[in-house]
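I have placed the structure first, in the form of structure tokens, so that the comments after it can refer back to it.
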Amino acid sequence: MTITTVRTAFVSDMHLGSPNCHAEALAEFLAGLRAERLYLVGDVVDLWWISARRASFDRHQSAVIERLRDLARRGTEIIYIPGNHDRSLRELCGLVLPKMIVRRDAVHRARDGRRYLVTHGDDFDGDVQHGGWQERLGDHLYDYVLASNRLTNRVRRSLGMRYWSLADFIKRQSDLAERYIDRYINAAIGAARARRLDGVICGHIHRPALIERDGIVYANDGDWVESLTALTESQEGVLSLIRWHGRAEVIAELPVPSPLLAAA
């Protein structure tokens, strides 16, 4: 088992309860995670799917819950920030549940002193979506795309090929989707700037990213229905975007600026 030791980890959009969750891979990642603090950045449980369909947790999804319990028992502080698919849990914000704190959002201070707004990201929808039947149709089509994604990767596994996201490929071919994501990034950065923070860490749109724009860090930890990604902070404050393929593969990194490193 690969051990990933970090100061902080950020994971979102697991969508437990739906068949789209890559729960086996997620359970493997969490089993090897050693972190002082873990942020669950929304859509951990897909209450939309569960309420609309007869859903049940399979053994891999149950293993994810057990891995989270294991982390808490080992002393990891777990902060749960509900998203739009587990919105009803926001009624618990401010409460300290056994081994878990539920927050509407949070400000995370990294080891290098930079402060990040941590939020699921659905609050930015009003700034980037136009609403109407197009978006409702898009939600339904997305379910079909994810179903095709599952079928495609079932075939790929049988051929000994590694995981590949058909859903992400399709979205990247759409100029409309790319413009939406750019508006989302701008809205997230604007929210961090309005609160005089150094950056924002979010999920929601199932597009992992780690960039700096106009002096503000935008970090999206991705998801576990398409990307199989998470965000980590090292003991020195370095942010890394990682993808899980049986081990943690760094796909983007944001080093600590030299002046901050010297002052830490």
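Data overview
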read-out	value
Region 102-123, subset open to solvent by 50 Å² or more (accessible area, probe 1.4 Å) and outside any loop (DSSP other than H, G, I, E, B), residue farthest from D198 (Cα to Cα)	D123
Number of the condition not met by F57 [criteria: (1) hydrophobic (A, V, I, L, M, F, W, C); (2) open to solvent by less than 60 Å² (accessible area, probe 1.4 Å); (3) over 21 Å from C93 (Cβ atoms)]	(2)
Residue check, A27 farther than 21 Å from E233 by Cα, surrounded by fewer than 22 Cβ atoms within 10 Å (Cβ to Cβ) and touching a residue at least 12 places away in the same chain (Cβ under 8 Å)	no
Sole residue being within 28 Å of A248 (Cα to Cα), surrounded by fewer than 22 Cβ atoms within 10 Å (Cβ to Cβ), more than 17 Å from the chain's Cα centre (by Cα) and modelled with pLDDT of 95 or more, chosen from E36, E66	E36
Filtered residues of region 211-223 (kept if under 18 Å from R179 (Cα atoms), open to solvent by 20 Å² or more (accessible area, probe 1.4 Å) and either outside any strand (DSSP E or B) or not charged (D, E, K, R) (or both))	I211
Scan of region 176-210 for residues that are small (G, A, S) and open to solvent by 10 Å² or more (accessible area, probe 1.4 Å), ordered by number	A177, A187, G190, A191, A194, A209
Residues of region 229-243 satisfying the condition of being at pLDDT below 95 and crowded, with 20+ Cβ neighbours inside 10 Å	G237
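The values are calculated or read from the model by the stated rules, or taken from the named source; none is laboratory data. Since the structure is predicted, the reported quantities are computational estimates derived from the model, not experimental observations. So basically every Cβ, Gly included, is an ideal-geometry build from the backbone, and we count neighbours across all protein chains shown. When the accessible area is computed, the model is the full protein with side chains, heavy atoms only, and any ligands, DNA or RNA have been set aside. Shrake-Rupley method; radii C 1.70, N 1.55, O 1.52, S 1.80 Å.
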